[in-house]
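Peer 1: Encoded as C-alpha cells, here's the structure I'll be asking about.
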Amino acid sequence: MTVTEGLHMTVLGDARATPRRTALICLMLGAALLASIVLVSLFGSERLPASESLCTLFSLGRRGCGLSAAQTAILMDIRLPRILLAAAVGASLAAAGASYQALLRNPLAEPYLLGISNGAAVGTMLSLVFLGQFAFARPLLAFGGALLATLLVYRLAAGRTGTTPERLILSGVIVTTFLSSVIVFVTTLLDATRIRSFTFWLLGDLSGSAGNLLIVSIVVSILCTTVLSFHARSLNLLMLGERDAFDLGVEVSRVRFTVFIVASLLVGSSVASSGSVGYVGLVVPHLVRLSFGSDNRLTIPAAALLGAMFVVIADTLARTLIAPRELPVGAITAIIGAPLFIYLLRRG
Amino acid sequence: MLEAQNIVARYGSRTAVDSVSLTLSAGQITALIGPNGAGKSTLLRTLNGGMTLVAGVILLNGKPLEAFARREIAKHIAVVAQESDVRFPVTVLEFVLGGRYAWAGGTTWGWESVQDVESVSAVLRETSLLEMRGRLMNELSGGERQRSVLARALATEATHLLLDEPTANLDLSHQATILSLVRSRCNRRGVSALVITHDINLAAEFADNVLLLKDGRSLAYGPPQEVFRAELIEQAFAIKVLVDQHPMSTVPRITPVHEDRRSFR
C-alpha cells in the first residue's frame, strides 16, 4: 500500500458517511424493523399462540398452521395491517422531519410543532364533512392542507433579518393554535356519535387501517423517502445556508420546491390515515444524527427506518397498555417525545 | 477569465452597483476596497450570478454568465462568504467535501468519487486541516473555521475565487496564512482571485490590482501604486490620510491622519 493509498483509506473511513457505512446501517435498521414487526404482531388484546402465529405470518396467511379462522383473521386482517400502517406513518413523519430540518436549517423543525400536521388534519376533516363519499379526497385534501400550512409558517417566520429557529417555532405555534380552532369549528358540524372517534383520530389513531389508505400510505412513504434521499446531497449544503448552497452549485429554488412538496405529501398521507402523531419527526432524526452524523444521505433513510420502528412499538403500547381499551398512539409518542424535546432544547 | 462590463445591479429602486467594469485574469489577485455600503459584497454576488443585472454583461471565459448552468458556474467560480453559523454537527471533512458538489456525476445518490476524496485530502493537507478533519465545525476556533471555509472553496478547483472579507476577525498570523494560501493557488494554478478587504495596507501588499468603490461606482482601478494616492483614498473614505512608501516592500503605505486627536481620548 502506498502512502497516498494509506491516506486515502483513513480519509475514506472516518469522519464522513460512505455508501458502505450507509448501506450497513440501513440494513441493520431494516432487519430490526422487520424483527419488531414480527414480534409486536404477537401482542394484542386477544392472546394468540406464538409459534402458530409466526407460522401463519411467515406463510403469509395460509391455513394449516393451527390457528382458527377467527384467529387468522385477527392476525392477518386486523393486527398486521395496523402494524404496517404504523410503520408507514412512522417512516413518513421521520423522513419528512429530517428533510424539513435540513431545508429550514432548523434542528427544531417538525411537522407537528410547525402546524403542518394540523393543516393536513383540517384538510382531512373538510373532506370527511363535505366530500365524505369521495374516498380519494381524503389524502388529497390532507396534502393540500399540509402544503398550505408549510407555506404559511415559512412566510410568517421569514423576518427582515432572516429565519431564526425561535421565529420559526413561534410561527408554528401561532399556525397550530389557529388551525386547532378551525378544527374545533369543523367538529361542531359533526353529529355527536362521530365526535368521539374524531377527537381520538386527531390525537393519532391507527385503528382505521383497512383498505386503500394503507396501500396509499405505504407507497407514498417508500416513494417519497426515496425522492428525498435523492436530494440529500443538496440538502447537506442547504443545511449550511442557502447562499452557500447556491454558490456551490445547488439549484436552490428547484430543490426547495421539490423537498417542500414531497415532505408535505408524506405528512398529508400519514395524517389522512392516522391523524396527528406528534414528535416522531423531531425525536427520530435527532437520535439518528447523534448516532450516525448529519449527512442526509444517511440521515433520511435511517430516520425513516427508525421512525417506522418507533411508531410500531408506540402503537403496540397504545393498544396493549390498557387492553381491551386503547390509547391514541399520538399520546404515547408525545409522552416519550416531549421530555426528549426538552432535553434536546437544553442541550442545544 | 472573468470579466464584468459596465454592470448595474439594484435592490428595488436603490442602485447598489453602478456601471462597474473589471477583469479577473489568471494568476492575479484583485483587491476590492471601499467604505461600508459601497456595494462591494453586491458586486461580488453579481459576479457569481447571485443577482440579476439591470445592465451590462458578465463574461466567463468569453461567454455570458447566463449561458451556464448553476453547476457549471460553481465549477468555475468559488465564493468564500462572510461567516455563516453551522447549526448541525458537521465534521470538517464533510464540510469541505461539500465543495465537490458541482462535480458529482450522474450517480443518483451523489456519493463522492475516489477523485473527489483525493482532491479534498490534498486541500486538507494544503490548509493544514487534515489532522482535524473529524472535528465538528461548530467546535473550531475562528481561524480554523475560516480555513475550512477557504478549503471548501479550494476543493471546488474553481479557476476564480471570490472572497468576501476572508480575513475579518482574524489575527495577524491567520490573516497571512489565508492570503498566502490564495496567493499560492494563483501562482501555481493560474487561479484569479477577488478579495474584499477593509485592510488597505494588507491589500497594498498582496494585490496585483485594486478596485476602489464608492456609492456603487468605480473610483479608481489599477495597480496599488496608482490607486493608493492620498486624494483618492480621502475622497473614498472622507478621512485625511498620509501615503508614503513601506520601507521594506516599497508598496504604498496608508496612515490615517487624525487632526483632532482629542476626539479619540
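Every number in this text was worked out from the coordinates using simple rules, so none of it is lab data. Because the structure is a prediction, the values reported are computed rather than measured. Counting neighbours? That spans all protein chains shown, and the Cβs are built from the backbone with ideal geometry, glycine included.
Peer 1: Just to be sure I follow the definition: excluding the sites themselves, where is the longest run in chain A that has none of the trypsin sites (Lys or Arg not before Pro) in a DSSP loop with at most 11 other Cβ atoms within 10 Å?
Peer 2: It works out to A:161-324.
Peer 1: Work through the residues other than residue A:113 whose Cβ is under 15 Å from its Cβ and net out their charges, Lys, Arg +1 and Asp, Glu -1.
Peer 2: So the surrounding residues net to -1.
Peer 1: Run the numbers on chain B and let me know its relative contact order in percent, using alpha-carbon pairs under 8 Å that are six or more apart.
Peer 2: Across chain B, relative contact order equals 25 percent.
Peer 1: Show that you can apply the helix-only estimate: for the protein assembly as shown, add -39,500 (n - 2.57) for every DSSP H stretch of four or more residues, divide by all residues, and state [θ] at 222 nm to the nearest 500.
Peer 2: So the helix-based figure for the protein assembly as shown works out to -17500 deg cm²/dmol.
Peer 1: List the residues, sorted by chain then number, that are 5 or more residues from residue B:31 or on another chain and whose placed amide H is less than 5 Å from its amide H.
Peer 2: For residue B:31, whose amide H was placed from the backbone, the distant partners under 5 Å are B:195, B:208, B:209, B:210, B:211.
Peer 1: Next question, about the same structure. Counting Lys and Arg as +1 and Asp and Glu as -1, each charge on the Cβ, what is the dipole of the stretch A:217-348 about the Cα centre in debye, to the nearest 20?
Peer 2: So the magnitude is around 180 debye.
Peer 1: So what J values fall out for the stretch A:214-226 if you push phi through Karplus, 6.51 cos²θ - 1.76 cosθ + 1.60 with θ = phi - 60°, rounded to Hz, Gly and Pro as x?
Peer 2: My calculation for the stretch A:214-226 gives 4, 5, 4, 4, 5, 4, 4, 5, 6, 4, 5, 4, 5 Hz in order.
Peer 1: If I build a Gaussian network model for chain A, linking alpha-carbon pairs within less than 10 angstrom, which residue out of A:71, A:101, A:133 has the largest mean-square fluctuation?
Peer 2: Of A:71, A:101, A:133, the Gaussian network model singles out A:133 as fluctuating most.
Peer 1: What's the exposure ranking of A:74, B:7, going from fewest to most Cβ atoms within 10 Å?
Peer 2: Result, fewest neighbours first: A:74, B:7.
Peer 1: From Cα pairs below 8 angstrom and at least 6 apart in sequence, can you work out the relative contact order of the stretch B:1-103, rounded to a whole percent?
Peer 2: 28 percent
Peer 1: Straight-line reach from residue B:63: which aspartates and glutamates have Cα under 18 Å away, leaving out those fewer than 8 places along the same chain?
Peer 2: B:3, B:72
Peer 1: A follow-up question, please. Over the stretch A:224-326, calculate the relative contact order: mean separation of alpha carbon pairs under 8 Å at least 6 apart, over the residue count, as a percent.
Peer 2: 33 percent
Peer 1: Apply the Karplus parameterisation 6.51 cos²θ - 1.76 cosθ + 1.60, with θ equal to phi minus 60°, to every residue of the stretch A:100-109 and state each ³J(HN,Hα) to the nearest whole Hz, in sequence, with x for glycine and proline.
Peer 2: Ordered by residue, 3J(HN,Hα) equals 4, 4, 5, 5, 8, 6, 9, x, 9, 5 Hz.
Peer 1: Also, I was wondering about something else. Find the centroid of the Cα atoms in the stretch A:76-147 and in the stretch B:191-205, then give the distance between the two in whole Å.
Peer 2: Value for the Cα centre distance between the two parts: 53 Å.
Peer 1: Could you list which residues have their amide H under 5 Å from that of residue B:217, counting only those 5 or more apart in sequence or on another chain, with H placed in the peptide plane?
Peer 2: It is B:18, by chain and number.
Peer 1: Right, something else. Could you please state, rounded to a whole Å, how far the C-alpha centre of the stretch B:231-254 is from the C-alpha centre of the stretch A:268-332?
Peer 2: So the two Cα centres are separated by 65 Å.
Peer 1: Ordered by residue, what ³J(HN,Hα) values in Hz, to whole numbers, does the stretch A:199-208 give under the Karplus form 6.51 cos²θ - 1.76 cosθ + 1.60, where θ = phi - 60° and Gly and Pro are x?
Peer 2: For the stretch A:199-208, the Karplus curve yields 4, 4, 4, 4, 8, x, 9, 9, 6, x Hz.
Peer 1: I've got another one for you. Compute a Gaussian network model of chain A, connecting alpha carbons closer than 10 Å, and tell me which residue from A:91, A:73, A:142 fluctuates the most.
Peer 2: Sorting by GNM fluctuation, first place goes to A:73.
Peer 1: Taking neighbour Cβ counts within 10 Å as the exposure measure, how do B:51, A:239 sort from fewest upward?
Peer 2: B:51, A:239
Peer 1: Turning to a different aspect of this structure: Quick one: among B:82, B:225, B:235, which has the greatest mean-square fluctuation in a GNM of chain B with alpha-carbon springs under 10 angstrom?
Peer 2: The residue with the greatest mean-square fluctuation here is B:235.
Peer 1: Next question, about the same structure. Give a quick list of chymotrypsin sites (Phe, Trp or Tyr not before Pro) in the stretch A:106-154 that DSSP marks as loop, anything other than H, G, I, E or B, with at most 16 other Cβ atoms within 10 Å.
Peer 2: A:134, A:136
Peer 1: With all pairs of different alpha carbon atoms counted, what Kirkwood hydrodynamic radius in Å does the protein assembly as shown show?
Peer 2: 27.1 Å
Peer 1: Sorting A:76, B:1, B:248 on the 10 Å Cβ count, fewest up front, what's the list?
Peer 2: Ranking A:76, B:1, B:248 by Cβ neighbours within 10 Å, fewest first, gives B:248, B:1, A:76.
Peer 1: What number results when the radius of gyration of the stretch B:130-261, computed over Cα atoms, is divided by 2.2 N^0.38 Å?
Peer 2: Compared with the compact-globule rule of thumb, the stretch B:130-261 sits at 1.19.
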